[in-house]
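Everything on this sheet refers to the single structure shown next.
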Amino acid sequence: DQQVKQNSPSLSVQEGRISILNCDYTNSMFDYFLWYKKYPAEGPTFLISISSIKDKNEDGRFTVFLNKSAKHLSLHIVPSQPGDSAVYFCAALDHNQAGTALIFGKGTTLSVSS
Amino acid sequence: NAGVMQNPRHLVRRRGQEARLRCSPMKGHSHVYWYRQLPEEGLKFMVYLQKENIIDESGMPKERFSAEFPKEGPSILRIQQVVRGDSAAYFCASSSTARRNSPLHFGNGTRLTVT
């Protein structure tokens, strides 16, 4: 039973345009959300996070929006660059979980063409 | 400043053999996490360890899998009597604290293939 869902397996965007990656969750005990980026044959690298007490967090070209009532978050990348082509994982933390044991979605593969 | 080091990068085992996966966390990090990624899936939490202690093993299969993080040396994920379904990428991550907003730093993984 997937608690974190990324329903779009892939997304193609032109360089310079906006990329919007979506993530839905089912567990109302999730209170912290993160996005990780993964290149082939490498481990995931942390991108940006948001606490459930906020609805937006911005870091350079990356912005994460959280809609708690809809149990939905999205990652916006603008402008998109070819180097952004990677798999993007949405992850969540359960309020009751020890430490930082993340629950991941299946990922969305972003392809940015020049 | 070395990141999280995992070895081997690739491991091939026949059914029934044992697999040992090693993880050296980032310098100064005492919290280690193991995740498994099956084909076409996201990463699934397996176990969370601090030095010499297992804090949360709720994601570990009940049989054949064990993990340790000794006082000296790397963390080890051990899989006994491997089966084809164990074929996956195993990622280790570390953090400096158990603070919930402390991002995890991942290694590049060990790809286990069971033939």
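For the peptide A:104-112, the mean number of other protein chain Cβ atoms found within 10 angstrom of a residue's Cβ is 2. Contact order, relative form, for chain B: 37 percent (alpha carbon pairs under 8 Å, 6 or more residues apart, mean separation divided by residue count).
With kT/(6 pi eta Rh) evaluated at 10 °C and eta = 1.306 mPa s, and Rh the Kirkwood radius from Cα pairs, the protein assembly as shown diffuses with a coefficient of 88 µm²/s according to Stokes-Einstein.
Tell me the net charge near A:A92. Cut-off is 15 Å between Cβ atoms, A:A92 excluded, with +1 for each Lys or Arg and -1 for each Asp or Glu. Mind dumping the intermediate values first?
Working: positive: A:K5, A:K54, A:K68, A:K71, A:K106, B:K44, B:R100; negative: A:D1, A:D24, A:D31, A:D94.
Its environment carries a net charge of +3.
Between B:N101 and B:V12, the modelled label-to-label distance comes to 4.8 nm, taking each label 7 Å out from Cα in the direction of the beta carbon.
Kirkwood's formula applied to the C-alpha pairs of the range B:1-58 gives a hydrodynamic radius of 13.3 angstrom.
Lys and Arg at +1, Asp and Glu at -1: add these up for the other residues within a Cβ distance under 12 Å of B:F106 and post the number. If you can, show how the numbers build up before the last one.
Working: positive: A:K37, A:K38; negative: A:E42.
Net local charge, B:F106 excluded: +1.
Which log10 I(q)/I(0) values does chain B give at q = 0.11, 0.17 Å⁻¹ under the Debye formula, counting every alpha carbon as one identical point scatterer? So the normalised log intensities work out to -0.32, -0.77. I want the local charge near A:Y39. Using Cβ-Cβ distances under 15 Å, sum +1 for each Lys or Arg and -1 for each Asp or Glu among the other residues. Every neighbour counted, the sum reads +2.
Taking a straight line from the alpha carbon of A:K68, these lysines sit under 18 Å away, with near neighbours fewer than eight places off in the same chain left out: A:K5, A:K54, A:K56. Set against the 2.2 N^0.38 Å expectation for a compact globular protein, the range B:34-90 has a Cα radius of gyration ratio of 1.15.
Output the Kirkwood hydrodynamic radius of the range A:16-99, Cα pairs only, in Å rounded to one decimal.
On the way: mean 1/r = 0.0748 Å⁻¹.
One decimal place: 13.4 Å for the Kirkwood radius.
Can you tell me what the convex hull of the Cα atoms of the range A:1-51 projects to on average, as an area in nm²?
Details: hull surface 19.9 nm².
So the mean shadow area of the Cα hull is 5.0 nm².
Think of the protein assembly as shown as a dipole: +1 on every Lys or Arg Cβ, -1 on every Asp or Glu Cβ, centred on the Cα centre; then among B:Q50, B:F69, B:H105, B:F69 lies furthest on the positive end.
What average number of partner chain Cβ atoms lie no more than 10 Å from the Cβ of the residues making up B:35-48?
On the way: counts 5, 0, 7, 0, 0, 3, 5, 16, 12, 3, 8, 1, 1, 5.
Per residue, the number of nearby Cβ atoms from other chains is 5 on average.
Values in this text are rule-based calculations from the coordinates and carry no lab data. What you see is a predicted model, and the numbers here were worked out from it, not measured in a lab. When we count neighbours, we look across all protein chains shown, and the Cβ atoms used for this are built from the backbone with ideal geometry, even at glycine.
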